[in-house]
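Presented below is the structure to which this report refers.
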Amino acid sequence: QVQLVESGGGLVQAGGSLRLSCVGSGLSFSSYAMAWFRQAPGKEREFVAVISRSGGRAAALPDSVKGRFTISRDNAKNTVYLQMNSLKPEDTAVYYCAADVVYGMDGEQYDYWGQGTQVTVSS
């Protein structure tokens, strides 16, 4: 049974930082591209970042997070990270990690999802 478990969310002031982690089990972790998505109340799910199986290719979109968020992974620990710096109130959302064998930015393609972790940024 595949499980993705996120952690690291919480309440932070604007300008602060958080690092989210997502640990995978029940899958050959290094065979999967890993991505982060987020969903704010009343809004659609939004792609945040993706990293390739080896970690050699990574992308962070949209422009609202570029330069502030960084995705990385440690295949030896079956873990993907999202480092979030210079946080803004508009970053408030539930953040989800997802896994798929294909590298991509479309949430519809992802086979496996975590339960999400709440990030709240106060102004």
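The values are calculated or read from the model by the stated rules, or taken from the named source; none is laboratory data. Keep in mind it's a predicted model, so treat the numbers as computed, not measured. When we count neighbours, we look across all protein chains shown, and the Cβ atoms used for this are built from the backbone with ideal geometry, even at glycine. Accessible surface is based on the protein model in full, side chains and every heavy atom, while ligands, DNA and RNA are left aside. Shrake-Rupley method; radii C 1.70, N 1.55, O 1.52, S 1.80 Å.
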Sequence-distant residues sharing a close amide H with GLY10 (under 5 Å, placed H): VAL119, THR120
Per-pair calculated FRET efficiency, R0 = 22 Å: ALA76 and GLN39 via Cβ, rounded to 0.05: 0.15
Förster-model FRET efficiency, 30 Å R0, ASP106 and SER86, C-beta, rounded to 0.05: 0.65
Distance between segment 28-54 and segment 55-75 - C-alpha centres, whole angstrom: 10
Segment 1-104, accessible area per residue, ligands and nucleic acids excluded (1.4 Å, Å²): 48
Relative contact order [Cα under 8 Å, 6+ residues apart], segment 1-80, whole percent: 25
Residue with peak Gaussian network fluctuation, the chain [Cα springs, cutoff 10 Å], from PRO62, PRO89, PRO41: PRO41
Inter-probe distance in nm under a simple model that places probes 7 Å from Cα toward Cβ, at SER25 and ARG68: 3.4
Distant alpha-carbon pairs in the chain (separation over 23 angstrom), percent: 21
Qualifying lysines (Cα of each under 22 Å from Cα of LYS66; at least 8 residues distant if same chain): LYS43, LYS88
